[in-house]
Every structure is written in C-alpha cells, then in structure tokens.
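Inspection log for the structure reproduced underneath, given as structure tokens.
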Amino acid sequence: MREAHQDAVARVSEERLWRRHMEMARIGAIPGNGVNRAALSREDIAARGVLIGWARDRKFEVGVDAIGNLFVRRPGRDRAAAAVMTGSHMDSQPRGGRFDGIYGVLAGLEALQAIDEAGVSTRRPIELVAWTNEEGGRFPPCTMGSAVYTGARKLEDFLDVTDNDGVALRDALARTLAAAPGLALRPLNAPAAAYIEAHIEQGPLLENAGRTIGVVTGIQGLRWFNIEVSGRTDHAGTTPLALRRDALRDAVNIINALHELTRDAADAVRFTVGRMLVTPNSPNSVASHVLFSVDVRHPDPATIDRLGKAVEPAAKAAAKQCTVKVTPTLHDDPCGFDPGVVDAVERAANGLKLRSMRLPSGASHDAMYMARVCPAGMIFVPCENGVSHNEAENASAADLAAGARVLTAALLELANKDE
Ligand code: HGY
Ligand code: MN
Ligand code: MN
C-alpha cells in the first residue's frame, strides 16, 4: 500500500467513529439501547442534518437527489471521472439497533475525512451516499433509494405508498427535502466507477469464526408481496361461522399454507410475515379486511424464482371464504459481487493483517442495486451473537474502526486505479 494511503488509513479514528455512532444513536433512541429512526421521519431528518453538518465542517460538497439520497463528495483530480462510491442507510427498523446501516454511512464519512486529513489526492472523486428508505419498514418495499437511483424502479412507483398512519411517501419526502434547503440537486442514474458498502454482518458467522472482516461475495435473492384478504364484517356474537366471510381466519389459512410451501429441511429458505393490518380491528367484529406482508428469500436463483411464482396460487387456494389479492412489491434475484472489488477488499484486509473470510449476505442491502450498475462489493464486521433488527444489536469500537480502515484502503485503491 502506497505511503500516502497508509497515512490515510492510520488517520481513521476509532474514538471519533464511535463518538459519532453514539451521537446518531441518540436520534430516535428507544429503551434497550435501540433506535427507531423510520425513513423520512422527524428522526431521519435530524440524522440527515447531523451528517450534513459533519460533511460541511470538512468542506465536502453535499448534494441530494429526487428521492432524498444524500451525497457527500470529495473531488478528485479528474472532475469528469465517475466517482468511487461508498455508503449505506440511516433509517432503521422500528426496534432497530445502533449500527445497522448507520455504520456504513459513518465508516464512509470516516474514510473520506481520513483521506482528506492525509491530503491524499485521488484521480476519481470519492463519494459517500446515505440511501433513502433502505429498510422499507415504514414505506415498503425496502431499498427504495438505491432502486430509484439505479433506474431499477421509477420514483413515481413509490410516491403514493402510505405508512400505517396513512401518510403518503410523497408528503414525507417533500418535508425531508424542505428540511435541508440549499443542497446541490443531483441527477438520478449518475454513473459510478465502483461501490463498496460497509455493514455489520447481522449474522453470527464472523464472530463464530473469530474473524474481524467479512469479504462479502454476494446477496441472496428475495421476493416481497402484499397479500390482501377481503371478506365481510359481522357481529361476533350473532353470526354463525358457516355464514361468515372472516378475513382474519382466511389470512391464517394462507399463512399456514405459505409455511407449508416454504418448509425446508435444510432451513435455508427465509419466510417471514412481519406486518399485518386488520380492519376493523375490533374484538367483537369479524374482520372484513386483512393486509399482510410476505418476505421470502433464498440464495439459489431457481429456488427463489420457484417460490416467488408459487406464492399467489398457494394463497388463493388456501382461502375458503374470502377474496385474495396478491401484489408483488419486490423482486430481487441473488447477486454476486464483482471479483475485482471482492479481491480489493480482501487485499486491504490482508494488508492490514486483519483476519478475514469470504461469506454471502443473508440480509439485503443497497449494494444489491449498485451491483447492477457498477462493480460493487461489501465489507462486514461482526455484531454480537449475530443479533440485528433488535435493540440488543451491538458491535465493538475496534471492529468498527477495522472495517473503516479496510474501506479506506479499498476506496483509495479503486479511486487511483487505471493510472
Ligand atoms: O431486510 C433486509 O435484509 C435489510 O436489513 N433491510
Ligand atoms: Mn442495513
Ligand atoms: Mn436492516
């Protein structure tokens, strides 16, 4: 590794990185050391303001695009060259942890700042992006910001999506953009030379193997659906069961049928129903309408394709009394990361004498979409007991800093390549 690059890597500050995590963790803090920072919420707006402040302190250029993706840019010598990008997300699950997503944003900022403090000149610009609505908890589906940025989905597809309180994404987005005036407006689909995302593993493999760095090889495929069951509301005390069109009873029939469909002796299929809205949602009225989510995942392309295609027929066959509407909301095939980027991450870990291992990602990330438009890869660091999407999510300051050093070294290699 070049001497100037070594200086930049050495300037990654474990203390500053941890302090910034704890400052961000106060935004949307919930009991048990967790955070609830829903996309485009007051808390998300506050986190964006803090990130913009830190970026401006360093005189980095800050921009935003039409779906609210936030860009922090350190220019390179060749202003016309496509940027080497890094990033992740600041929104969280309702009972999220202090590291999921925000780590990739703060590790990216730490890398930019260390490179800047070292005064390293790069041929390409290096850009950090905080993606809008990676989680999809408030406004399904997930990874909306990167899907729109890369052209995989149109912004118009999502503007009328509403949250559980009936707030439309278009209104929450307008409020978020208005809260940070004066940012350079960035086009969607801007070219990228490469993308590396740092993230906690959200699984136990690194911790169990005693490794500090995960060299991520790809992401498993996933399919999301909304299933709506429509029946009729009736009096719970007077209506015979034989005459009912009970939407909740049929929703249970469908969920049981989907558990049968996805039953897997190898326990590799991931099937989850995590969200359910019941109408009128009253103990003594038969449910007339139920909307629930379906999340199915698998690393094998043929398997996820087969399961995705089987959801609608299985749901309709399981309903006894009601009508069923199945709406696909996400269709992501398994993705493999670019061998050149995967090797660059591994080389950076080896150069820093950090113990690493190659592994796939069970969780989805914005890198799934960036991999479709440029050479992409990811860096994992361990999280305690592999726990995530839970307040108990935890990581060590030393591991977070190690991942940020690997990120810094890999970004510098990619930003000065082709010389
Ligand atoms: O759902 C996922 O895999 C990601 O954590 N949002
Ligand atoms: Mn995440
Ligand atoms: Mn997550």
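The values are calculated or read from the model by the stated rules, or taken from the named source; none is laboratory data. As the structure is a computational prediction, the values presented were derived from the model and not from experiment. Counting neighbours? That spans all protein chains shown, and the Cβs are built from the backbone with ideal geometry, glycine included. To get the accessible areas, we keep the full protein, side chains included, count just its heavy atoms, and leave off ligands, DNA and RNA. Shrake-Rupley method; radii C 1.70, N 1.55, O 1.52, S 1.80 Å.
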What is the gain in length, in nm to one decimal, between D165 and R355 on full extension, counting 0.36 nm per residue of separation less the C-alpha to C-alpha distance?
63.8 nm
Longest principal axis of the chain (C-alpha) makes with the long axis of helix 301-318 (C-alpha) an angle, in degrees to the nearest 10, of 20
Counting only backbone N atoms under 15 Å from a point 7 Å out along Cα-to-Cβ of T272, the residues of segment 121-135 in range are 134-135
Using each residue's phi in segment 341-358, evaluate 6.51 cos²θ - 1.76 cosθ + 1.60 at θ = phi - 60° and report the 3J(HN,Hα) Karplus result to the nearest Hz, with x for Gly and Pro.
6, 4, 5, 4, 5, 5, 4, 5, 5, 5, x, 9, 6, 9, 6, 10, 8, 8
Considering only DSSP beta bridges with both partners in the chain, what is the antiparallel share in %, to the nearest 5?
65
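With a/c under 1.5 counting as rounded, go ahead and sort segment 199-283 into rounded, prolate or oblate using the C-alpha gyration tensor (a ≥ b ≥ c being the square roots of the eigenvalues; past the cut-off, prolate if a/b is larger than b/c, else oblate).
Details: a/c = 3.64, a/b = 2.96, b/c = 1.23.
Prolate.
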Quick check: with the 1.4 Å probe, what order do R223, R16 take by accessible area, largest first?
R16, R223
For segment 221-332, calculate the relative contact order in percent as a whole number, restricting contacts to Cα pairs under 8 Å that are 6 or more residues apart.
47
Could you work out [θ]222 nm for the chain from helices alone, using -39500 (n - 2.57) per DSSP H run of at least four and dividing by all its residues? Round to the nearest 500 deg cm²/dmol.
-10500 deg cm²/dmol
In degrees, nearest ten, helix 247-261 long axis to first principal axis of the chain (Cα):
60
May I ask which residue of T303, C335, A317 lies farthest towards the positive end of the charge dipole of segment 292-351, with charges of +1 (Lys, Arg) and -1 (Asp, Glu) on Cβ and the Cα centre as origin?
A317
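Pick out, in residue order, every one of the trypsin sites (Lys or Arg not before Pro) in segment 109-161 that is DSSP loop and has at most 13 other C-beta atoms within 10 Å; say none if there are none.
Answer in residue order: K154.
Dipole magnitude of segment 221-332 about its Cα centre, charges +1 at Lys/Arg Cβ and -1 at Asp/Glu Cβ only, in debye to the nearest 20? Display every interim value, and only then the final one.
Working: 14 positive and 12 negative charges, 59 e Å.
For segment 221-332, the charge dipole is close to 280 debye.
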Would you please put 297-307, 93-103 in order of how densely packed they are, using the mean number of other Cβ atoms within 10 angstrom per residue and starting with the highest?
93-103, 297-307
Using alpha carbons only, how many degrees (0 to 90, rounded to 10) separate the axis of helix 102-117 from the longest principal axis of the chain?
10
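Roughly how big is the chain's charge dipole about its Cα centre, with Cβ charges of +1 (Lys, Arg) and -1 (Asp, Glu), in debye to the nearest 20?
Working: 48 positive and 52 negative charges, 82 e Å.
Its charge dipole is roughly 400 debye.
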Modelled label-to-label distance, E117 and E15, 7 Å Cα→beta-carbon offset: nm?
1.0
On the Cα set of segment 221-332, report Rg and Dmax in Å, please.
15.0, 50
Could you compute Rg(Cα) / (2.2 N^0.38 Å) for the chain, with N its residue count?
1.03
Once you have a ≥ b ≥ c as the square roots of the Cα gyration tensor eigenvalues for segment 1-150, tell me rounded if a/c is under 1.5, and otherwise prolate or oblate according to whether a/b is larger than b/c.
oblate
